[in-house]
1. Taking only pairs six or more apart or across chains, which ones have beta-carbon atoms under 8 Å, a first residue in segment 398-412 that is over 15 Å from Thr127 (Cα atoms) and touching a residue at least 12 places away in the same chain (Cβ under 8 Å), and a second residue that is open to solvent by 60 Å² or more (accessible area, probe 1.4 Å) and in a loop (DSSP other than H, G, I, E, B)?
2. Give Ala11, Ala6 a once-over and let me know the one that is open to solvent by less than 70 Å² (accessible area, probe 1.4 Å) and within 28 Å of the chain's Cα centre (by Cα).
3. Provide a single number: the residues in segment 380-419 that are of a type in the set (S, T, N, Q) and either within 21 Å of Val484 (Cα to Cα) or open to solvent by less than 50 Å² (accessible area, probe 1.4 Å) (or both).
4. Would you point out which residue out of Ala324, Ala285, Ala217, Ala229 is within 29 Å of Met376 (Cα to Cα) and in contact with a strand residue (DSSP E or B) (Cβ under 8 Å, 6 or more places away or on another chain)?
5. Considering only residues that are farther than 10 Å from Ala424 by Cα and not small (Gly, Ala, Ser), which ones fall in segment 461-474?
6. Output the residue which, of all residues in segment 455-471 that are closer than 18 Å to Ala433 by Cα and touching a strand residue (DSSP E or B) at 6+ places or on another chain (Cβ under 7 Å), is most open to solvent (accessible area, probe 1.4 Å).
7. If only one of Arg37, Arg16, Arg61 is in a loop (DSSP other than H, G, I, E, B) and open to solvent by 60 Å² or more (accessible area, probe 1.4 Å), which one is it?
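The values are calculated or read from the model by the stated rules, or taken from the named source; none is laboratory data. Note that the structure is a prediction, hence the values are computed from the model and not measured. Cβ sites come from the backbone with ideal geometry, for glycine too, and all protein chains shown count toward neighbours. Calculation scope for accessible area: heavy atoms of the full protein, side chains included, ligands and nucleic acids excluded. Shrake-Rupley method; radii C 1.70, N 1.55, O 1.52, S 1.80 Å.
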Amino acid sequence: MDHSRAPVLEALADFRRRGDIVYGPPGHKQGRGVDPRVLEILGPGVFESDVLLLNGLDDRRESGGILQQAQELMADAVGAEQAFFSTCGSSLSVKTAMLAVAGPGEKLLISRNAHKSVISAVIVNGTMPVWVHPQFDERLHLAHPPQPQDVEEQLRANPDAKGMLLITPTDWGTCADVRAVAEVCHRYDVPLIVDEAWGAHLPFHDRLPAWGMHADADLVVTSVHKMGAAVEQSSVFHLQYDRIDPTVLKQREDLLGTTSASSLVYASLDGWRRQMSEHGPELMARALTRAGRIRGRVAELDGLGLMGREVLGPSGAFDLDPLAITVEVRELGITGMQAAEWLREHHRVDVGSADVCRFNARITHADDDDTEARLMDALGRLIADAPQMPGAPTVRLPRPGALELETAMLPRDAFFAAAETVPADKGAGRVSAELVTPYPPGVPVLCPGEVITDEVVDYLRSSVAAGTLIPDAADATLETLRVVAR
């Protein structure tokens, strides 16, 4: 296929060249009606490129096949049989993927270290989750993806399960053995969905962890805005084999997705695919060299710990994305949240995920000598200033296994059940009616339907006192909890 083509971008350029006047959405009419103060910040090009696909970039019959061409090029670029663009982010794409495999009341194996969007999908879809618990690293206090034998154990115990959802890479960069998990799933004749939101770059260099399509997954969802060069909410479904019907997937996406898809998202996905098809290995090689240099420099800094390949092994992760720089700060006597806030306030360096123990910085093909220097300078100053920061509040980290809670009700049933609010210290033994999610990274500690324990309450409340954000709980202070009424 001709990867120098970018059908959406070409159609957009043609639209702008023609100078069409649109008498339908969007109402700003390619920027004519936008407040100049908005244009000053966003620029006129954003609005000039904000065009409906139908009766804009293409006619209402889609006779030009513009989107179809762009999706076929994407599939070819990453080794998938089919690809579908989504403009609602992978938070919606993963809901669609799950619904394409398991409908209301049907079982789906799900890695319990899933993002809140996955748990939300369980609630919205009415799926019966079979949790596959991740490998818990007691030393680092974080979860690595589950092992193939964990998946097989649950498939053997649940022969009526419709498939498996695996999350890899994690927010911290550790990766699952996708090929071995796929082999297990296919031996039981069920599809493997991979939530590879952090893995859009993986197809483009052989020194990166295995890409889901190359490792025999049936359906892979990626967030191209995370590690690629598309705008926010850019997501792609990648499909192969015949265990998931593409017509069913498309209809489920149509059920949940928007009817006002963003041309900005489509165009940036199209352009990113072209860029990576033409220059991906070179760009990724450069990013890997830069990340390797940064990792080496961080490893030499006193007081900081760098998560590296020592986490790999039979009871740990299968692989590690070297572009994910996960930095431990406990030796400095501060939390990852404190470090993240300090870096932003004092050096305008914004890191990604941060928790009690660490923070994470992602290196992409967009980094250059300036961004590398800014990060390293800020880390050096963080070490120097840490003794003057307030001491890290005590967070009562749970022991291994304490987060593997009993599921007493279907998440959907608990979420929609009659609920009451109780003091948090009276919550033990009650069934949660809400998601309680430290954010970022956004993995729920409590899901609707799970039985609350004192240890989990203690962990969550001490985390809030240390600066953890809990945006989805009814009471973000966690003085109270929302539970299923008796």
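1. Here the result reads Arg399/Glu138; Pro400/Glu138, each pair linking segment 398-412 to a residue that is open to solvent by 60 Å² or more (accessible area, probe 1.4 Å) and in a loop (DSSP other than H, G, I, E, B).
2. Numbers: Ala11 fails: within 28 Å of the chain's Cα centre (by Cα).
Checking each option against the conditions leaves just Ala6.
3. Let us first name the residues in segment 380-419 that are of a type in the set (S, T, N, Q), namely 388, 394, 407.
With the extra rule that they be either within 21 Å of Val484 (Cα to Cα) or open to solvent by less than 50 Å² (accessible area, probe 1.4 Å) (or both), the set shrinks to 407.
Total meeting the criteria: 1.
4. On the way: Ala285 fails: in contact with a strand residue (DSSP E or B) (Cβ under 8 Å, 6 or more places away or on another chain); Ala217 fails: within 29 Å of Met376 (Cα to Cα); Ala229 fails: in contact with a strand residue (DSSP E or B) (Cβ under 8 Å, 6 or more places away or on another chain).
Only one candidate passes the filter, namely Ala324.
5. Initial filter on segment 461-474 (farther than 10 Å from Ala424 by Cα): 462-474.
Correct list: Val464, Thr468, Leu469, Ile470, Pro471, Asp472.
6. Restricting to residues being closer than 18 Å to Ala433 by Cα and touching a strand residue (DSSP E or B) at 6+ places or on another chain (Cβ under 7 Å), the top hit is Pro471.
7. Details: Arg37 fails: in a loop (DSSP other than H, G, I, E, B); Arg16 fails: in a loop (DSSP other than H, G, I, E, B).
None of the others qualify; the one that does is Arg61.
So that you can scan it fast, the table gives a plain yes or no per residue for (1) touching a strand residue (DSSP E or B) at 6+ places or on another chain (Cβ under 6 Å); (2) more than 30 Å from Glu106 (Cα to Cα); (3) β-branched (Val, Ile, Thr); (4) not in a strand (DSSP E or B):
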residue: Val395; (1), (2), (3), (4): no, yes, yes, yes
residue: Pro398; (1), (2), (3), (4): no, yes, no, yes
residue: Gly401; (1), (2), (3), (4): no, no, no, yes
residue: Leu405; (1), (2), (3), (4): yes, no, no, yes
residue: Asp413; (1), (2), (3), (4): no, no, no, yes
residue: Pro441; (1), (2), (3), (4): no, no, no, yes
